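Just below is one structure, and these are the notes that go with it.
The values are calculated or read from the model by the stated rules, or taken from the named source; none is laboratory data. Since the model is a prediction, treat every value here as computed from it, not as a measurement. So basically every Cβ, Gly included, is an ideal-geometry build from the backbone, and we count neighbours across all protein chains shown. Only protein heavy atoms, including side chains, enter the accessible area calculation; ligands, DNA and RNA are left aside. Shrake-Rupley method; radii C 1.70, N 1.55, O 1.52, S 1.80 Å.
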Amino acid sequence: MVIGTFGSKKFSVSSNKIYTINGLELSTSINTEESENGSGKPTVKKTSGAADGLSFSITLTNDNVNVRREIDDWINIQNKAVAYYMIFGKEKYGKNKWLVTSISVSDQEFLQNGVMRKATLKISFKEKVVKRTGTTAKQTRKS
């Protein structure tokens, strides 16, 4: 049963394969500017929104997948710098697409023949916000 997708990656649980995420974290913030107002405490003003961040871990075992190939696949997704929607169930997670910004591999275990038996991937994403200009919107309406 597929529980989510990111591009070509499918997070799923079945009797013969477990490929799920752990520790989903969403971070959001705004950019601010402080200025003196004469009262001894600064005034804080929002200057803009910041891109949201998303991260999770995937525990890979060679019982379910080729661990080394999965690591290489995620690194290739990052290197291509293509953003995709994160889908859980049938819903988009967030309003925009997400870009893989960093990958760390930990808890690696190897068999005697050098085959990677287990690893944990921590994958971080940034929201890719597409700026819409007034000109583009006007042109689209005329078309």
Problem set entry | Packing-based ranking, highest mean first, of 118-126, 91-99, 16-24 given that Cβ atoms within 10 Å are counted | 118-126, 91-99, 16-24
Exercise. How much FRET efficiency would the formula 1/(1 + (r/R0)^6) give for residue 3 and residue 113, where r is the Cβ-Cβ distance and R0 is 41 Å, rounded to 0.05?
Worked result: 0.80
For this session: Calculate how steeply helix 67-80 sits against the longest principal axis of the alpha-carbon atoms of the chain, using the helix alpha-carbon long axis, and give the answer as 0 to 90 degrees to the nearest 10.
Result: 30 degrees
For this session: Considering Cα pairs under 8 angstrom that are at least six residues apart, work out the relative contact order of the chain and quote it in whole percent.
Result: 23 percent
Problem set entry | Modelled FRET efficiency - R0 25 Å, residue 72 with residue 17, Cβ distances, 0.05 increments | 0.85
Problem set entry | Residue-level accessible surface for residue 9, protein heavy atoms, 1.4 Å, Å² | 20 Å²
For this session: Could you check how much of the accessible area of the chain is carbon and sulfur, as a whole percent, using a 1.4 Å probe?
Result: 49 percent
Exercise. Given 25 °C and 0.890 mPa s, how large is the Stokes-Einstein diffusion coefficient of the stretch 1-93 in µm²/s, with Rh as the Kirkwood radius over Cα pairs?
Worked result: 149 µm²/s
Problem set entry | Solvent exposure of the stretch 8-79 as accessible area per residue, Å², 1.4 Å probe | 63 Å²
Problem set entry | Dipole of the stretch 30-102 [Lys/Arg +1, Asp/Glu -1 at C-beta], most positive-end residue of 42, 56, 93 | 93
Problem set entry | the stretch 1-132, dipole about Cα centre (Lys/Arg Cβ +1, Asp/Glu Cβ -1), debye to the nearest 20 | 520 debye
Problem set entry | Over the chain: helical MRE at 222 nm, DSSP H runs n ≥ 4 each giving -39500 (n - 2.57), nearest 500 | -5000 deg cm²/dmol
Problem set entry | the stretch 7-54: GluC sites (Glu not before Pro) in DSSP coil with no more than 10 other Cβ atoms inside 10 Å | 36
